[in-house]
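> First the structure, then my questions, so here it is.
Just so it is clear, none of the values below were taken in a lab; they were calculated from the coordinates. Because the structure is a prediction, the values reported are computed rather than measured. Because the Cβ atoms are built from the backbone with ideal geometry, glycine has one as well, and the counts that use them run over all protein chains shown.
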């Protein structure tokens, strides 16, 4: 992590992003470069996530969303998917000391009904057990897809009202039915691994997010990489479609 003198400024002129979303890409390629199994890359990716969460907390970022497993990732080899699901379940509960030391409150976004029972159980337990922590709020996007979230939000609206919409839904009407309406839209979305796309991540919420792409593969990420992304963000002017 950079020293305090090297860290991004948090004054009003060069504000910190309140919510950062990260597409953690490159675990498999990291392992392949080292002639290791792809599963080793996912294990190292967990350690990178811990480093970045710690750095985000130190910077004063309030919300962090980590794209952990997408609705499209089920298309991967069955043994890799099974390993990832077991890794998620094992690490959720296995890092309680890390959550407590950093006062991390965990959230989940995504289609939880489509996850294996043991993963659903761990998500429910950990999100309940950390709900009293008042530090950084970390969203684990597991079995998440942006398009899927919008469809599920519409279905929740219909279920809540008991009928299909008899008018055109307004943005303000649908937002409360998204997975985490209490999270602000991400100010900054980061993608590691060199690919230049969003891959179905926070499509509704990222309408005016700033995007930052890094060639560094996710398992190699440290707090310094997050600092570099935030510094870059702080140099940008955000007009939200208007003119200043």
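> Please compute, for the alpha-carbon atoms of region 91-200, the extent along each of the three principal axes and give them in descending order in Å.
50, 36, 28
> Sorting 227, 126, 52 on the 10 Å Cβ count, fewest up front, what's the list? It would help to have the intermediate numbers written out before the result.
On the way: 227 19, 126 22, 52 25.
With the fewest neighbours first, 227, 126, 52 line up as 227, 126, 52.
> Sticking with this one: If you build the Cα gyration tensor of region 52-117 and take the root of 5 times each eigenvalue, what three semi-axes come out, in whole angstrom, biggest first? Don't skip to the answer; put the middle values down first.
Details: eigenvalues 130, 38, 24 Å².
Over the Cα atoms of region 52-117, the semi-axes work out to 25, 14, 11 Å.
> Something else: Can you give the Rg/Rh ratio of region 198-244, where Rg is from the C-alpha atoms and Rh is the Kirkwood radius?
Working: Rg = 13.1 Å, Rh = 12.7 Å.
Rg/Rh for region 198-244 comes to 1.03.
> Take residue 215, project a point 7 Å from its Cα along the Cβ direction, then tell me which residues of region 38-62 have their backbone nitrogen under 11 Å from it.
The answer is none.
> Determine the relative contact order of the chain: mean sequence separation of Cα pairs under 8 Å and six or more apart, normalised by residue count, in whole percent.
On the way: 381 pairs, mean separation 73.2, N = 244.
In percent, rounded to a whole number, it is 30.
> Output needed for region 136-244: three equivalent-ellipsoid semi-axes, defined as square roots of 5 times the C-alpha gyration tensor eigenvalues, in descending order, whole Å.
Semi-axes (√(5λ), whole Å): 31, 17, 12.
> With N set to the residue count of the chain, report its C-alpha Rg divided by 2.2 N^0.38 Å to two decimal places. Working shown, then result.
Working: Rg = 18.2 Å, N = 244, 2.2 N^0.38 = 17.8 Å.
The value comes to 1.02.
> Sticking with this structure for a sec: State the Cα centre-to-centre distance between region 179-214 and region 108-154 in whole Å.
Cα centroid of region 179-214 versus Cα centroid of region 108-154: 17 Å apart.
> Moving on. When every alpha-carbon pair in region 2-142 is counted, what percent end up more than 18 Å apart?
Numbers: 5817 of 9870 pairs.
Tail of P(r) above 18 Å: 59 percent of Cα pairs.
> Short version: what are the Cα gyration tensor semi-axes of region 22-71, square root of 5 times each eigenvalue, largest first, in whole Å? Working shown, then result.
Numbers: eigenvalues 114, 30, 10 Å².
Over the Cα atoms of region 22-71, the semi-axes work out to 24, 12, 7 Å.
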